[in-house]
Amino acid sequence: MIMNEKSVGIIGTGSYVPEKIVTNKELEKVVETSDEWIVERTGIKERRVAEPTIATSDLATKAAEIALADAGVSADEIDLIIVATVTPDMSFPSVACIVQDNIKAKNAAAFDLSAACSGFTYGLVVGSLFIKNGIYNKVLVIGAETLSKIIDWNDRNTCILFGDGAGAAVLGKVEDGYGVLGVELGSDGSGGDLLKLPAGGSRQPVSVETIDNRLHFIHMNGNEVFKFAVKIMGEAAVKALDDAGLSPDDINCLIPHQANIRIIQSAAKRLKVPMEKVMVNVDKYGNTSAASIPIALDEAARSNRIKKDDIVVLVGFGAGLTWASCVLKWCKED
Ligand code: UT7
């Protein structure tokens, strides 16, 4: 990314997860699994699950309000809202429009972005370009999911992995040399079948048959996604670092997509980044797809794991297949 004019960065973060915790022990009562297997194979101990009446926009709105307060920015200063999600409240209107109304961001354009677990980082890059090009001043980017609504609770291959939550970031102009320094976005649609929600779209509209065949739930080839993930995480981060003129040695804090502790450890190993520099919260929330990176980023910022001048690398992968990485020089004071 050519950062020749305006420097654009994150000026505030926020996150919100539902209160209800579902532990591995509780899942033992639902499917044939064990706390030991889940912890050993994924690192997940518990996840948050939204109440039946709660939708993705409710979580997104709460995360957005916290991020706005953190940035000291009022809702009417926001020019654009981008929500990354694979679990919108409904096909349309977009979650972004529902959030726009909830927070009364009366001057904001709004749209949803679909890049699965890479979605927040895609949104961050898209949003930052609107500011860099002088079109907008302030952009709100949110990753929000209620994956519990599209999980087959009879399928032990998937139901142990996912959770609900939302994370948000406010983007604005920052001091020269800070903010977004390098990016890498990519896709490989030939791997689309590895992770998908087959029914409910125009290919297979919902019917009694699709419901009987459980096609309105997540279907995943876990082993193939795992192989893709361990390869792409390191590669994507290195490309984004190259773009910034930096190397993995420069990383102060790595914020990977929280899918599986073994994937995170493998990425850190490939990058030769010690685990002390890697933000991990997969144990508490499982995989929250588009929400995972912004929740981890917000927790890292609030716990002072990130300080001004730090090089922070976001990197994720997801359905599509997609991947995304963004290198930031952190500009926010504690
Ligand atoms: O955001 C992207 C989303 N997706 C991912 O990130 C998924 C990436 N993939 C993974 O994280 C891992 O592949 C899984 C956690 C899904 C599975 O772990 P694995 O080490 O690859 O296990 P496996 O699929 O090779 O299965 C090993 C065994 C199988 O039994 P057999 O055939 O060896 O008898 C599975 O049936 O473990 C069994 N198994 C389970 N056992 C207890 C699969 N799920 C479970 C379970 N509890 N929940």
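For first residues located in region 71-90 and aromatic (Phe, Trp, Tyr), partners that are open to solvent by less than 10 Å² (accessible area, probe 1.4 Å) and part of a helix (DSSP H, G or I) and lie 6+ apart or on another chain with Cβ distances below 6 Å do not occur. Of everything listed in (1) buried (at least 23 other Cβ atoms within 10 Å of the Cβ); (2) in a strand (DSSP E or B), the single unmet condition for Ala110 is (1).
Which one of Lys62, Lys25 is over 22 Å from the mean Cα position of the chain (by Cα), over 22 Å from Val313 (Cα atoms), at pLDDT 95 or above and of a type in the set (Lys, Arg)? Even if it seems obvious, please write down each step before you answer.
Values: Lys62 fails: over 22 Å from the mean Cα position of the chain (by Cα).
Answer to the selection: Lys25.
Glu235 meets the conditions (1) away from the ligand (no atom under 11 Å from the Cβ); (2) farther than 24 Å from Pro294 by Cβ in every case but one. The failed one is (2). Looking only at residues in region 189-216 that are within 12 Å of the ligand (Cβ to nearest atom) and not aliphatic (A, V, I, L, M), the one that is most open to solvent (accessible area, probe 1.4 Å) is Lys196.
Would you confirm, using the coordinates I've provided, whether Gly320 is under 28 Å from Gly191 (Cα atoms) and touching a Ser or Thr at 6+ places or on another chain (Cβ under 6 Å)? So Gly320 fits the description; yes. Does Ala237 meet the test of being under 24 Å from Asp309 (Cα atoms) and either open to solvent by less than 10 Å² (accessible area, probe 1.4 Å) or out of contact with any Pro (no Cβ under 7 Å at 6 or more places or on another chain) (or both)? Taking the combined requirement at face value, the residue satisfies it.
Check Val208, Val174, Val183 and return the single one that is among the aliphatic types (A, V, I, L, M), in contact with a helix residue (DSSP H, G or I) (Cβ under 8 Å, 6 or more places away or on another chain) and either in contact (Cβ under 8 Å) with a residue 60 or more places away in the chain or farther than 25 Å from Ala296 by Cβ (or both). Before you say what the answer is, go through the steps one by one.
Numbers: Val208 fails: in contact with a helix residue (DSSP H, G or I) (Cβ under 8 Å, 6 or more places away or on another chain); Val174 fails: in contact with a helix residue (DSSP H, G or I) (Cβ under 8 Å, 6 or more places away or on another chain).
None of the others qualify; the one that does is Val183.
Every condition in (1) away from the ligand (no atom under 16 Å from the Cβ); (2) over 24 Å from Gly9 (Cβ atoms); (3) among the aliphatic types (A, V, I, L, M); (4) touching a residue at least 40 places away in the same chain (Cβ under 8 Å) is met by Ile264 except one, and the failing one is (1).
Scanning region 118-170 for residues that are of a type in the set (D, E, K, R) and surrounded by fewer than 24 Cβ atoms within 10 Å (Cβ to Cβ), which turns out farthest from the ligand (Cβ to nearest atom)? Break it down into steps so the answer makes sense when it comes.
Looking only at region 118-170, we keep the residues that are of a type in the set (D, E, K, R), and these are 132, 138, 145, 149, 152, 155-156, 164.
If we keep only those that are surrounded by fewer than 24 Cβ atoms within 10 Å (Cβ to Cβ) too, we end up with 132, 149, 152, 155-156.
Values: Lys132: 29, Lys149: 16, Asp152: 12, Asp155: 9, Arg156: 4 Å.
Of everything passing the filter in region 118-170, Lys132 is farthest from the ligand (Cβ to nearest atom).
Which ones in region 217-234 are open to solvent by less than 60 Å² (accessible area, probe 1.4 Å) and not hydrophobic (A, V, I, L, M, F, W, C)? Residues satisfying the conditions are Gly222, Gly234. Within region 240-253, being of a type outside the set (Gly, Ala, Ser) and open to solvent by less than 30 Å² (accessible area, probe 1.4 Å) holds for Leu241, Ile251, Cys253.
Can you find, within region 75-107, the residue that is farthest from Thr53 (Cα to Cα) among those that are among the polar types (S, T, N, Q) and part of a loop (DSSP other than H, G, I, E, B)? Selected residue: Asn107. In region 272-305, the qualifying residues are those that are polar (S, T, N, Q) and within 17 Å of Gly12 (Cβ to Cβ), and the one that is modelled with the lowest pLDDT is Asn304.
The values are calculated or read from the model by the stated rules, or taken from the named source; none is laboratory data. This is a predicted model, so every value here is computed, not measured. Because the Cβ atoms are built from the backbone with ideal geometry, glycine has one as well, and the counts that use them run over all protein chains shown. Side chains included, ligands, DNA and RNA excluded: accessible areas come from the protein's heavy atoms. Shrake-Rupley method; radii C 1.70, N 1.55, O 1.52, S 1.80 Å.
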